[in-house]
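First comes the structure, then the notes that go with it.
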Amino acid sequence: YALSSSVWKKRTLTWRVQSFPQSSALSQQTVRSLMHHALTAWGIESGLKFQEMDSQSPAEPDILIDFARAYHQDSYPFDGQGGTLAHAFFPGEHSISGDTHFDDEEIWTFGSKDGEGTDLFAVAVHEFGHALGLGHSSAPDSIMRPFYQGPVGHPTEYRLSQDDREGLQQLYGKAPQTPYDEPTRKPLAPPPLPPALPPDRPSLPVPDRCDGNFDAIANIRGETFFFKGPWFWRLQPSGQLVSPRPARLHRFWEGLPAQVKVIQAAYARHRDGRILLFSGSEFWVFQDRRLEGAARPLAELGLPPGEKVDAVFSWPLNGKTYLVQGQRYWRYDEAAARPDPGYPRDLSLWEGAPHTPDDVTVSNTGDTYFFKGVYYWRFPKGSVKAEPDSPKPMGPQWLDCPAPSADPHSPRPPKAT
Amino acid sequence: LAQQPAAQDVSLGVDWLTRYGYLPPPHPAQAQLQNPAKLRDAIKVMQRFAGLPETGILDPVTMATMHKPRCSLPDVLGVAGLVRRRR
């Protein structure tokens, strides 16, 4: 092991996660819990105590944890996925001392057994070693080896290697050995860790986004979500995909029942910002990523029994919600909590729209987009008439994919009604 | 005989070794030519940290390891480490 020659002069260190990963499937609670366990791994061997600070506290913690991208104000920019994963600052008097930064563009995982992504707990233990004053080690079993070695096991059972223990104890001494030395107050319990999730693969092949034919497409808080089977992609408002690799549905939408394999429609409810996901004859309401309550029947939206929803969108022009099934649609009044009378009507009211669209969504600029197969139809803001050059291929515009070839074997755009 | 690494690999390797503290940073006021023996020693230390055979040669395995995901702190806390700590 190597020592940085800087050390904390106190035995209790405070910490806080200031920013969380933006696109990871890990919840904030899981991230906090992993950080707690990573610090505890060092605390057990040295007697150091780590106290999480409330996010509202005005005081600055000793170890401030951030998930940051590219240049992030500390002269050590991150480099996107791969390459450098994280760094931490050695102990000292400067406000940045002890701070720990993770590259937010990595795919951070916990409990992944398929080798995909980077295990956040393993990297956190390593970085906190730096935050306590350890340098890199060349010992084979050391967590302080500079190259990422993969997951290190379950956080609650992890123990440091002898090399790491000895390095730490050179700086801080050993943990109390007798019961009389033990602290009399127990630290606050960390948030519980969720069970390790099953691997993404091998049972589920990852679909190709360039194939189109999405189950659902929705604009959720400015980002466009493309759902396909148990996967989804996210397109940021800048037009950049969060990742070319899709995220797992159930890792993101916390509480979505495991038996729901397909999201057939989705939208963000205008009146309260809740996100509604539809599948079969039911829908689920989410606040942010967390499920609220149980599955609800479509009848709650005034649809006849046995109906399902293929597409749903909220039209900013009148604030109404449009529920599309096949070639018909209902117009739902959120304030009155019932469909408007006289519905369902034929979708051909939307002049030029495709027959039975995959989904419909409204962009950040207020334009309405119908999607089907690998094509989209744009309706300018407030208009129910498709642009004359519709349909256009989705790939180049939305998904960083090439335009479909003119190969006669390739699927042709469906005919507009 | 070991195959000589390509000039581009040597250049990338030297950059990488400097970045992670195995070689001293270049002096801004003078052109520098790496001493082959010092470069070989630096590669050997790097290979030790990476768990590779310590050959001192920028072989394909060593080059590939330089592209593996890692922590962005330097491995050798010499000048580079001190600079970081001062910041």
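The values are calculated or read from the model by the stated rules, or taken from the named source; none is laboratory data. These figures come from a predicted structure and were not determined experimentally. With ideal geometry, Cβ positions are generated from the backbone for all residues, glycine too; neighbour counts draw on all protein chains shown.
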Self-check item: Residue satisfying all of: in the range A:116-136; away from chain B (no Cβ under 12 Å) and part of a loop (DSSP other than H, G, I, E, B); surrounded by the fewest Cβ atoms within 10 Å (Cβ to Cβ) among these
Solution: A:GLU116
Exercise. Name the helices (runs of 4 or more DSSP H) wholly inside chain B in which the number of residues that are at pLDDT 80 or above and among the aliphatic types (A, V, I, L, M) is 3 or more.
Key: B:7-19, B:36-50, B:60-66
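Could you please give the count of residues in the range A:300-322 that are under 20 Å from A:PRO380 (Cβ atoms) and either of a type in the set (Ser, Thr, Tyr) or within 31 Å of the chain's Cα centre (by Cα) (or both)? Steps first, answer last, please.
Start the filter on the range A:300-322 by keeping residues that are under 20 Å from A:PRO380 (Cβ atoms), which leaves A:311, A:313-320, A:322.
Then keep just the ones that are either of a type in the set (Ser, Thr, Tyr) or within 31 Å of the chain's Cα centre (by Cα) (or both); that gives A:311, A:313-317, A:319-320, A:322.
Count: 9.
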Quiz item: Looking at A:PRO304, is it more than 15 Å from A:PHE278 (Cβ to Cβ) and either of a type outside the set (S, T, N, Q) or out of contact with any Lys or Arg (no Cβ under 9 Å at 6 or more places or on another chain) (or both)?
Solution: yes
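Return yes or no: is A:SER57 in contact with an Asp or Glu (Cβ under 9 Å, 6 or more places away or on another chain), away from chain B (no Cβ under 14 Å), at pLDDT below 95 and part of a loop (DSSP other than H, G, I, E, B)?
Working: in contact with an Asp or Glu (Cβ under 9 Å, 6 or more places away or on another chain): no; away from chain B (no Cβ under 14 Å): yes; at pLDDT below 95: yes; part of a loop (DSSP other than H, G, I, E, B): yes.
For A:SER57, the condition - in contact with an Asp or Glu (Cβ under 9 Å, 6 or more places away or on another chain), away from chain B (no Cβ under 14 Å), at pLDDT below 95 and part of a loop (DSSP other than H, G, I, E, B) - is not met.
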Quiz item: For the range A:138-156, what are the residues that are touching a residue at least 12 places away in the same chain (Cβ under 8 Å) and of a type in the set (Ser, Thr, Tyr)?
Solution: A:SER142, A:TYR148, A:THR156
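Considering only the range A:333-382, give the strands (runs of 3 or more DSSP E) lying wholly within it that have at least 1 residues that are surrounded by fewer than 20 Cβ atoms within 10 Å (Cβ to Cβ). Give the derivation first.
Values: elements: A:359-362, A:368-372, A:375-379.
Per the criteria, A:375-379.
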Quiz item: Going by the conditions given, is A:PHE102 within 14 Å of chain B (Cβ to nearest Cβ), assigned to a strand (DSSP E or B) and modelled with pLDDT of 95 or more?
Solution: yes
Quiz item: Can you tell me which residue in the range A:1-37 is surrounded by the most Cβ atoms within 10 Å (Cβ to Cβ), limited to those that are charged (D, E, K, R) and part of a loop (DSSP other than H, G, I, E, B)?
Solution: A:ARG11
Quiz item: What about A:ALA139, is it surrounded by fewer than 20 Cβ atoms within 10 Å (Cβ to Cβ), away from chain B (no Cβ under 13 Å) and not β-branched (Val, Ile, Thr)?
Solution: no
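Restricting to the range A:69-88, name every residue that is small (Gly, Ala, Ser), under 23 Å from A:THR109 (Cβ atoms) and facing chain B (nearest Cβ under 8 Å). Please lay out each step first, then the result.
Residues of the range A:69-88 small (Gly, Ala, Ser): A:70, A:75, A:80, A:82-83, A:86, A:88.
Restricting the remaining residues to those that are under 23 Å from A:THR109 (Cβ atoms) gives A:70, A:80, A:82-83, A:86, A:88.
Within the range A:69-88, A:GLY82, A:GLY83, A:ALA86, A:ALA88 meet the criteria.
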Quiz item: Which ones in the range A:223-262 are at negative phi, in contact (Cβ under 8 Å) with a residue 24 or more places away in the chain, surrounded by fewer than 16 Cβ atoms within 10 Å (Cβ to Cβ) and of a type in the set (Gly, Ala, Ser)?
Solution: A:SER243
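Residue-by-condition table, conditions (1) under 21 Å from B:LEU77 (Cα atoms); (2) in contact (Cβ under 8 Å) with a residue 24 or more places away in the chain; (3) over 18 Å from the mean Cα position of the chain (by Cα):
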site	(1), (2), (3)
A:LEU3	yes, yes, yes
A:ARG11	no, yes, yes
A:ILE44	no, yes, yes
A:LYS49	no, yes, yes
A:TYR71	no, no, yes
A:PRO91	yes, yes, yes
A:SER97	yes, yes, yes
A:ILE107	no, yes, no
